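**Student:** Following this message is one structure expressed as structure tokens.
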Amino acid sequence: MKKLHIAQLPTPIQKLEKLSNELGKNIYMKRDDFTGTELSGNKVRKIEYSIQYAMDQGYDTVITTGAIQSNHARTTAAVCAMVGLECHLILRGNVTEFEGNFFLDTMFGAHIHIIEPDASREEAMDKQKEQLQQAGKQAFLIPVGASDALGSYGYIDCLHEINEQEKEMDIQFDSINVAIGSGGTYAGLWYGNEQSKSNRKVIGYSVDNTAEEFTADVIDIVEDLDDEINDFSTIEINDQFVGLGYGQTTDEELLFYVEFAKKEGIILDPTYTGKAFRGFISDIKSGRYEDEENILFIHTGGLQGYTKEVRDRIQRLTK
């Protein structure tokens, strides 16, 4: 499968020394927040495949969707600017500040279409595609998060990258842990792990939907990749740390992110990685990882999630 080569890969794996000493486990973090600056995070691994496919098939325009502060939308806009494709973003929600990823989307020249918080993203994309086709454009649709079989190849690659890094580091991880927000990242990791015939667990921490919903999404993606897979019993998704829901944070969560930044010098984003990592640490403390020694967590990026509203709350909480 062809792809673009624009992400800074392989991303490093770092041991979290202070946290490891504190919890009595060897805790490592794969820094997929290091994939680039404009492109930072997990989304670019998937978009490399989606945009290459669009170009190869002769499309001149890309349409995708996400929340107002979507990392995926910002990455898509950046890559489209790099390769010269017209980009249309269907962003769902209410605009309160011209900031973060929403601001960067406009810098990359994307055409922004705002829809109501309860509107269908898929219907809006289809309508936009029809309008563009009437204007003579050839538009390619990329689903939210690029979470389809095509995009998941990016995290099949990531799993094989981890295999090579294990050899270089002379270590074997007992589990790989990651946030799950639309399913494609987890699906790629899980399928790559199955291909590798590894005994590692791949554990996803939901940031919005239930474990049942995400399990169904992952199975759909994997079946599109490989229709001979029929055992999905090792899919493991934890939905106990969703909190207030997608993109919403509690004061307790924000204080956890601040304390971790002080401890390890790493910023966890408040939408994906932060929520998942907090759940991951809570599970270690409760004994869920009792039989594991070397544990890997993937940082999927998202620094732009620190909007003015979130920053103001942190300032109030830490006075």
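**Student:** Treating the beta-carbon of each Lys and Arg as +1 and of each Asp and Glu as -1, no other charges, what is the dipole magnitude of the chain about its Cα centre, to the nearest 20 debye?
**Tutor:** Here the chain has a charge dipole of around 1180 debye.
**Student:** Treating the beta-carbon of each Lys and Arg as +1 and of each Asp and Glu as -1, no other charges, what is the dipole magnitude of the stretch 22-163 about its Cα centre, to the nearest 20 debye? Can you show the working numbers first?
**Tutor:** Details: 12 positive and 20 negative charges, 39 e Å.
Roughly 180 debye, rounded to the nearest 20.
**Student:** Provide the percentage of antiparallel DSSP beta bridges, counting only those with both residues in the chain; round to the nearest 5.
**Tutor:** Details: 3 of 36 bridges.
Roughly 10 percent of the DSSP beta bridges within the chain come out antiparallel.
**Student:** Let me ask something additional. At a 4.7 angstrom Cβ threshold, list every cysteine in the chain that has nobody to pair with, or say none.
**Tutor:** 158
**Student:** Something else about it: Using Cα positions and a limit of under 28 Å, work out the lysines in reach of residue 129, with same-chain residues fewer than 8 apart set aside.
**Tutor:** 2, 3, 43, 46, 137
**Student:** Considering only C-alpha atoms, what is the centroid distance from the stretch 266-319 to the stretch 1-78, in Å?
**Tutor:** 18
**Student:** Another question, if that's okay. Amide H of residue 180 versus every other amide H placed in the peptide plane: which residues, excluding those fewer than 5 positions away on the same chain, fall under 5 Å?
**Tutor:** Excluding prolines and chain starts, which carry no amide H, the hits are 205, 206, 207.
**Student:** Here's another thing I want to ask about it. Listing 61, 318 from the residue with the fewest other Cβ atoms within 10 Å to the one with the most, what is the order?
**Tutor:** Details: 61 21, 318 10.
With the fewest neighbours first, 61, 318 line up as 318, 61.
**Student:** A follow-up question, please. Name the most mobile residue of 19, 89, 303, meaning the one with the largest mean-square fluctuation, in a Gaussian network model of the chain with Cα contacts below 10 Å.
**Tutor:** Between 19, 89, 303, it is 19 that shows the largest mean-square fluctuation.
**Student:** Here's another thing I want to ask about it. Rank 163, 300, 268 by how far each Cα sits towards the positive end of the charge dipole of the stretch 162-319 (+1 on Lys, Arg Cβ; -1 on Asp, Glu Cβ) and give me just the farthest.
**Tutor:** It is 268, whose Cα lies furthest towards the positive end.
**Student:** Could you list 1, 29, 55 so that the one with the fewest beta carbons within 10 Å of its beta carbon is first and the one with the most is last?
**Tutor:** If I rank by nearby Cβ atoms, fewest first, I get 1, 55, 29.
**Student:** Listed highest first by mean packing, meaning other Cβ atoms within 10 Å per residue, what order do 107-114, 128-135, 147-154 come in? Intermediate results must be reported in sequence, preceding the final value.
**Tutor:** Working: 107-114: 16.1, 128-135: 13.6, 147-154: 24.6.
Final packing ranking: 147-154, 107-114, 128-135.
Throughout, read-outs are computed from the coordinates displayed, never taken from laboratory work. Predicted model, so just to flag it, every value in this text is computed and none were measured. Using ideal geometry, Cβ is built from the backbone for each residue, glycine included, and neighbour counts are taken over all protein chains shown.
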